[in-house]
Amino acid sequence: MLPNFLIIGSQKAGTTSLYHILKEHPQIYMPDTKEVNFFFKDDAYARGPEAYATHFTDAGNQLALGEASPGYICHPDVPARIHALLPDVKLILIVRDPIKRAISQYWDNRRHLNEPLTFAQALDAYLSDDYQPDQIGYFSRGVYMRYIHRYLEYFPRENLLVLPFEEMIATPEDFYRRIFAFLSVDEDFVSEDFDEAFNPTEVWKNPFYQLLIRKPRYQKKVPAKLRRLFYWGRKMSFSAPPIDEASRAKLVEFYRPWNDELREFLGVDLADWD
């Protein structure tokens, strides 16, 4: 058995929460592994469709079978790979304010002690609208229309559902109902977890970890294999600090044409986006 829908993105845009809600729906099957990444990772793709199908062997009589791999949206080879195996598949894309999305991904790496640059330094190092799988995509992942156009070369418009992340937060019942309708499953399904954050942001309180997250340049002094030794003790919730105004202004200009095209494509205002 193979899926008839895929959540293709975006990273840091609520795909974990979406995965868990769909997993609760009695007419939907989602594998226990959230990010299968079959079409994204070359080594996984090389194993062939039979290996991919093993993720769905436990599916019963559910009407919809799917998986959620948010890297699918931006990898240049993925649309063709998906179409070759699943030409009629339905695709779900969640888009988030690309500046907030980039900040979230950057701080996710900072929290995992994998980013030695400040945000301003990362902006200078990585600002690009050309995503490459072997490069950090803090900013290239947010040029959504580039990737939407690639998918539309292979799939009809009606097979692609694009929803703003902000709708998931503001009106979760309507948000999920639109997805259920798209997947042709029971639209009246309701979960008490509709407004639950399944991937809360936390950091460790111990002083050694705090030194490395607050002063990222020191991360270079600790080998990557040893950094996990600092993951101990009590945790606390974490909110990313605001970026400097110069960086924000640069990103606003960088994303402006892409966001304007997305607004026209979706026919929505996206007023909360910068």
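Overview of results
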read-out	value
The chain, relative contact order in percent, only Cα pairs under 8 angstrom and at least six apart counted	23 percent
Alpha carbon convex hull of the chain, projected area averaged over orientations, nm²	15.2 nm²
Axial C-alpha extent at least 20 Å, average Kyte-Doolittle at least -1.0 - helices from the chain (DSSP)	245-266
Packing-based ranking, highest mean first, of 145-151, 38-44 given that Cβ atoms within 10 Å are counted	145-151, 38-44
Set of aspartates and glutamates with alpha-carbon distance to LYS41 below 17 Å, sequence-local pairs under 8 removed	GLU50, GLU67, ASP77, ASP134
Entries of LYS34/LYS90; LYS221/LYS250; LYS12/LYS34 with Cα pairs more than 21 Å apart	LYS221/LYS250
Using a Förster distance of 22 Å, the FRET efficiency for LEU2-LEU152 (Cβ separation, nearest 0.05)	0.50
Extreme residue, positive dipole direction of the chain, given options LEU123, ALA53, THR15 (C-beta unit charges)	LEU123
Peptides ranked, highest mean first, by Cβ atoms within 10 Å: ranges 207-213, 184-190	207-213, 184-190
Ordering of 253-262, 174-183, 68-77 by burial proxy (mean other Cβ atoms within 10 Å per residue, highest first)	68-77, 174-183, 253-262
Pairwise centroid distance, computed over Cα atoms, of the range 119-135 with the range 151-206, Å	27 Å
The range 53-160 - percent relative contact order, Cα under 8 Å, separation 6 or more	37 percent
Relative contact order of the range 6-68, pairs being alpha-carbon contacts under 8 Å that are 6 or more residues apart, as %	49 percent
Taking N as its residue count, the alpha carbon Rg of the range 164-214 over 2.2 N^0.38 Å	1.78
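Throughout, read-outs are computed from the coordinates displayed, never taken from laboratory work. A quick note: this is a predicted structure, and the numbers were derived from the prediction, not measured. Heads up, the Cβs are rebuilt from the backbone with ideal geometry, glycines too, and the neighbour counts pull from every protein chain shown.
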